Each structure stands twice: as C-alpha cells, then as structure tokens.
Amino acid sequence: QVQLVESGGGLVQAGGSLRLLCAASGSIFSIGAMGWYRQAPGKQRELVATITSGGSTNYADAVKGRFTISRDNAKNTVYLQMNSLKPEDTAVYYCNADVTRLTVRLWYNYWGQGTQVAVSS
C-alpha cells in the first residue's frame, strides 16, 4: 500500500506564507507526477500546481507568481511554498501522486488526507 501524508497547514494572516509538505511512503517503485489540489467550502476541488518527475511545473492562474511547487525525488516528497497568501486561498489542500508499486508495476493515483489552510483578512 501507498500513503501520502501532508503537513504544514495552519492559520496565517493575509500576506503571510506557509510551506506545505507531502511525503509518500509504502510499497513504492517509482513516482511520476505529483501535485497539490485544494477544496474550499461549497466548491469543487481544483488544481493548484503539479510537477513531473523531471521537474516541469504547472500552476493555476490564481496562484502563479505566489506559489512554488518543488519535489525531492530521493525523499519521495513534494512541497508547496505559498507566499502572499490571500483569504481566497483558504481551503483544504490535498496532495496527489501517480505511483507504481513494487508488487504491481502499474500506475495508480493516490490522494492524501488533506491539510487545512486558513488565511485571515
């Protein structure tokens, strides 16, 4: 089995910064794309940023220039540095990853349990 565990969420004032971390563990052979998504109350889950195993990144327009996604392949970890936070960034942030397992060399998609980010005005 594979687990994604997020950390780093919390409450911050507008203009502040937070750094989210997501660590993948378990029966992992390789990890492909990793990403962050978020879901605000009453809204659908939306993409925030993704990063390929080679380091290519993609961002939602709403976070471009403020958020930076990065990864450490040796640690099976993805990060999201969030700067200049706004109240509209308030949401539960979820980690996502495409993983091949040691026992079954097929791609599976996994989600973390989510971490709450709250930005006060």
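The values are calculated or read from the model by the stated rules, or taken from the named source; none is laboratory data. Since the model is a prediction, treat every value here as computed from it, not as a measurement. So basically every Cβ, Gly included, is an ideal-geometry build from the backbone, and we count neighbours across all protein chains shown. Just so you know, the surface numbers come from the protein's heavy atoms only, side chains and all, with ligands and any DNA or RNA stripped out. Shrake-Rupley method; radii C 1.70, N 1.55, O 1.52, S 1.80 Å.
Cβ-Cβ distances below 9 Å connect the following pairs, each with a first residue in the range 10-29 that is without any contact (Cβ under 8 Å) to a residue 60 or more places away in the chain and closer than 14 Å to C95 by Cβ, a second residue that is basic (K, R) and loosely packed, with under 13 Cβ neighbours inside 10 Å, and a separation of six or more residues or different chains: A23/K75.
Please work out if V48 is touching a residue at least 12 places away in the same chain (Cβ under 8 Å) and in contact with a helix residue (DSSP H, G or I) (Cβ under 7 Å, 6 or more places away or on another chain). For V48, the condition - touching a residue at least 12 places away in the same chain (Cβ under 8 Å) and in contact with a helix residue (DSSP H, G or I) (Cβ under 7 Å, 6 or more places away or on another chain) - is met. Counting the residues of the range 20-36 that are more than 10 Å from the chain's Cα centre (by Cα) and not aliphatic (A, V, I, L, M) gives 6.
Within the range 62-121, being open to solvent by less than 40 Å² (accessible area, probe 1.4 Å), under 13 Å from the mean Cα position of the chain (by Cα) and either farther than 17 Å from R38 by Cα or basic (K, R) (or both) holds for one residue alone: T77.
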